[in-house]
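Visitor: Here it is, the structure, as structure tokens.
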Amino acid sequence: MIVTRRSLLQIGGGLAAGLLAGNRVGAGAGPVEIAMRGNADGSRVGFDPVGLHLDPGRTVRWVNLDAGNAHTATAYHPAIMDRPQRVPETAEPWDSDYLFPGEDFSLMLTVPGVYDYYCVPHEHAGMVGRIVVGEPQATWSGYPDAPADGAALPEVALSGLPSVADILEHGVVPGRRQGL
Ligand SMILES: [Cu+2]
């Protein structure tokens, strides 16, 4: 897993929306963008898309397109604020730290599996996301809806995660964008 430092945003526009036409996002092209969106008072926030199916080795770039709020993209992992592990066992956890409006954070995902992540200040508002890397394997059984350690996420977070089946079927699952 390779992390690059966040950098100032250069808005290309419509990159995430452009993914909606396709199925699984194939290897080869540039970073796949996930927008961080929100309204002025932070009561409605989210990742868009909220679900992605990627080939191993693809880079994801979270971009804060929300003018009014800082956001993070943070792996569910015991090493980061002692949360339940919801990324593949051999994957390194990540935390983007706070991204202010216009900032972004990039990460290459190489280990196949299901990655669940959240926004530290907005998990309580259901700001979570899920990325599936590679083809499902039998060794994924029980994951991610029954983590081995039995620790549960807040209901608002669990209900915000798209199902693995939906992600595999559609490749890209758009986030909630009404009013954002
Ligand atoms: Cu947030």
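Visitor: Take each of the peptides 64-73, 34-43, average the number of other beta-carbon atoms within 10 Å over its residues, and list them starting from the highest.
Guide: 64-73, 34-43
Visitor: Quick one: order Tyr76, Tyr118 by neighbouring beta-carbon count within 10 Å, fewest to most.
Guide: Least crowded to most crowded, the residues run Tyr76, Tyr118.
Visitor: Please sort 123-133, 79-89 by packing, taking for each peptide the average over its residues of neighbouring beta carbons within 10 angstrom, highest first.
Guide: 123-133, 79-89
Visitor: Of the peptides 101-114, 163-176, how do they stack up when ordered by the mean number of other Cβ atoms within 10 Å, highest first?
Guide: Result, highest mean first: 101-114, 163-176.
Every read-out reported here was derived from the displayed coordinates using simple, explicitly stated rules and does not represent laboratory data. What you see is a predicted model, and the numbers here were worked out from it, not measured in a lab. For neighbour counting, all protein chains shown are included, and Cβ atoms are generated from backbone atoms with ideal geometry for every residue, glycine included.
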